[in-house]
1. Kindly list the number of the only condition in (1) modelled with pLDDT of 85 or more; (2) surrounded by 18 or more Cβ atoms within 10 Å (Cβ to Cβ); (3) at the interface with chain B (Cβ under 9 Å from one of its Cβ atoms) that fails for A:L132.
2. Look at B:T334 and say whether it is at pLDDT below 80 and β-branched (V, I, T).
3. Tell me, yes or no, whether region B:378-396 has at least one residue that is within 19 Å of B:S154 (Cα to Cα) and outside any strand (DSSP E or B).
4. Is one or more of the residues making up region B:208-221 basic (K, R), within 24 Å of B:L152 (Cβ to Cβ) and in a strand (DSSP E or B)?
5. Is it the case that some residue within region A:150-160 is farther than 21 Å from B:H580 by Cα, not in a helix (DSSP H, G or I) and not charged (D, E, K, R)?
6. What do you reckon, is A:V249 at negative phi, at the interface with chain B (Cβ under 8 Å from one of its Cβ atoms) and in a helix (DSSP H, G or I)?
7. Any idea which residue in region B:197-207 is nearest to B:S167 (Cα to Cα), counting only those that are touching a helix residue (DSSP H, G or I) at 6+ places or on another chain (Cβ under 6 Å) and outside any helix (DSSP H, G or I)?
8. Only residues that are closer than 27 Å to B:R438 by Cα, touching a residue at least 24 places away in the same chain (Cβ under 8 Å) and within 11 Å of chain A (Cβ to nearest Cβ): list them for region B:579-592, please.
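The values are calculated or read from the model by the stated rules, or taken from the named source; none is laboratory data. All of these numbers come straight from a predicted model, not from anything done at the bench. Cβ sites come from the backbone with ideal geometry, for glycine too, and all protein chains shown count toward neighbours.
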Amino acid sequence: MEFFRIKKDIPFMRHALVFNVISLITFVLAVFFLATRGLHFSIEFTGGTLLEVGYSQAADLEKIRKQLESDGFEDTQVINFGSSRDVLIRVPLKAGETAKLSERVNASLQAAGGEPQIKRVEFVGPQVGKELAEDGALALLLVIIGIVVYLAFRFEWRFAISAIIANLHDVVIILGFFAFFQWEFSLPVLAAVLAVLGYSVNESVVVFDRVRETFKKQRGLTTPEVINHAITSTISRTIITHGSTQMMVTSMLIFGGAALHYFALALTIGILFGIYSSVLVASPIVMWLGVSREQFIKAKKDKPEGMTEDGACV
Amino acid sequence: MNRYPLWKNATVIIALVLGFLYTLPNFFGEVPAVQISSVKATVKLDTRLQARVEETLAAAGIQPTGLFFEPHSIRVRLADTDTQLKARDAIEKALNPEPADSSYSVALNLLSASPDWLTGMNALPMYLGLDLRGGVHFLLQVDMKGALTKRLDSISADLRSLMRDKSIRHGGIVREGNTLVVRFRETAIRDQAKFALTENQPDLDLLEKEDGPNHLLVATLKPTAQKRIQEFAIKQNITTLHNRINELGVAEPVIQQQGADRIVVQLPGVQDTAKAKDILGRTATLEIRMVDDEASANLDTLQAAANGQPPAGTEYYVERGGRGLLVKKQVVLTGERLTDAQAGFDGQTQEPAVHLTLDAAGARIFKDVTRENVNKRMAILLIEKGKGEVVTAPVIRTEIGGGRVQISGRMTTVEANDVALLLRAGSLAAPMEIIEERTIGPSLGADNIAKGISSTQWGFIAIAVFMIAYYLLFGLVSVTALTANLLFLVALLSLLQATLTLPGIAAVALTLGMAIDANVLINERVREELRNGATPHAAITAGYERAWGTILDSNITTLIAGVALLIFGSGPVRGFAVVHCLGILTSIFSSVVVSRALVNWIYGSRRKLESVSIGQVWKPGAETK
């Protein structure tokens, strides 16, 4: 079996401008939704109390809401979680409230009837949420710096910059989706976003490896031709790899239940946009930044002894 | 020729064998067990207790499948849940004849069912997080400011008595925030006071200040002292929590410091959060009361009291030495007045002693009581679960002022330490607040495991089917390498006993999905070399060698993200990051070294290799010709 039978290099770079404009529009849209709608943070970030309750029969949400309201819980959110028998209740954080709140909510639920079984309780105080948001931002920063430094060291600063721009654009787009659909942004989703960042940089690395190799081996090709060749010769690997990873993520989406739903969703968006951006966004940026053959020929002379001629790369 | 040197083949085989051995315990599952641990700090586990447990089980006709003695618990492994319950009841009855006043906690637990030789080589099943096994998780914030103010209050009492002893006249000591302000009329007296304070209170930084007619001495705690006090406070609180949680009879509680001022408490299997919260927040109280010496001296009265008829206004207690005594019901002081208790030595006789520190109000009361009761005995009681226990009952020799109390006489160093610990156990060094709580029901935990495993399983099957269909024998090699990766990952997680959570299982799945990338890269490279007309052997060599650089680069960038998550992540994110990082490391080894070893075993020894089974290799030239 062989899916990709490509005779000539596909002239991706001829349409570079188009790709970049598409990216720019999606990016601006994502930023727009992030700014206007904001992310729907889980209680891990905002603080508050969450109860997952299981009923033996389909739960009467309206009744639960009324009971909670009459017991003095304001702004509570009562929704189904996974199935009609499972209910998720969120109570926002209020000044002076402590962990005891969950017990009062439980008492209220028992009063509403239907024999609720508490499956999960989470209470997060205000100080924890704030720290999580800060730590998340710091983690993101560390990933960006780490990747840029590594790529600049292994390749060239132009590659590092374009890889990180392309992949940050992925991250913003994932966040844009979460803002647009108001999906819950929880800690596992944050983990997924950062994992995607590391993962889709892979993609750019594979293409860049080829770009460098082609520059060294083939004389007389223009920069766009070199990039086209690199993308074309790695496209089959790109699709197969991402397809395989996506199979795993799809399986998580189907079998993982509600707890892994948004995690898998974030990965799905990340993988799909990762293919697009790392190939069709990063490469044009490298081109605009003015990558050329000379940069690698010069670099070759500077290489320490013992390194293989082609820089030990594909 | 594609052959690995002997050492490389040996490495692969050894790694696979070790991986298999350490993964093995996860397949044996768990068997029911009963765990016995001490509830009281005064009761220690020893081999005598182990013998008693054995006797009890034998008497009840229960044959345990294993009995393990560990420093803090005795574990009895049993055949099934029925015998587990029977054994629990039998042991409970034998060790705790009075249910209201139990010395041991007898809890139901699960132990690994893997054979002893595996357990002997430290091969244990993976350690499941609370979201997979069910239980309660609390994050407690220790109020460090509270610890400092408490300490400053006790220092201010010390200063008062110090200046009184040295006849230094001051115009009052006030605590203002984190400072103590002492007023003086004259600078000369202030200098005198400053000299005395520097000598006696090395923890204080002193600053002179003028305020109208008053001359002030402003004392603050030195940063090193503050740090020490805070460290002590958190250790103290952890000790207290340990003592309290023991009462709950939880099999494997986790009580750990997190960061500078937080404590994590995890109670697997506990569902009753209300009770857990109650116990965590409760202050076991300490009471100082007077002993009714006259009544205690009368043997008849004592005998009657032991039989449940103590004289009016008194209660009967048994001292730690076993002698009975009658204690007045009236409480002189409670544990709230106690700021510290440390074991040490008597300054003159060098006997082991316990030094207590009382706060200002406590010191005043104590002074009055001791003045009026010289040569009488006082009892220090620890009230746990509504039941009192006499920690010690010393004789008052002189009036004691200044809030510094020393208990000495007829004590060994060990006893002095125990008493100090017991006294401290009654109180928390600083107030605490629950800032995070997570409760997961056991059914949800089992559900999470099932969902996590089935998503990994189906994803793996899908990838395996595709890889074998697309790359044929090389696909099979890739899938075998991926299986080896899973084996290594599970073995590492079991070996390190890293906590596996649901995000951790998701990370296993994701890492496997990403790890196949390396094999795709290699297989595509080999095909490409074949397409360009290389011989099969050369294609394999070149494919692996050229793919290596890319694999390394791409894995390192992924690893950077993983490490960032590991550093900054907490809770579920950390669980994800640990598995993700380990998975990247194992995947490099398995996808490159293990798969190459397999390919070498299959093709390496064939001298004349016409073709390799890697699926169809399409050549662009073939159709145009």
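1. Among (1) modelled with pLDDT of 85 or more; (2) surrounded by 18 or more Cβ atoms within 10 Å (Cβ to Cβ); (3) at the interface with chain B (Cβ under 9 Å from one of its Cβ atoms), A:L132 violates only (1).
2. Yes, satisfied.
3. Looking only at region B:378-396, we keep the residues that are within 19 Å of B:S154 (Cα to Cα), and these are none.
No: zero hits.
4. Yes, region B:208-221 contains a residue that is basic (K, R), within 24 Å of B:L152 (Cβ to Cβ) and in a strand (DSSP E or B).
5. Within region A:150-160 (the criterion being farther than 21 Å from B:H580 by Cα, not in a helix (DSSP H, G or I) and not charged (D, E, K, R)), the answer is yes, since at least one residue qualifies.
6. yes
7. My answer is B:L206.
8. Of all residues in region B:579-592, those closer than 27 Å to B:R438 by Cα come to B:579-582.
Checking which are touching a residue at least 24 places away in the same chain (Cβ under 8 Å) leaves us with B:579-580, B:582.
Within region B:579-592, B:V579, B:H580 meet the criteria.
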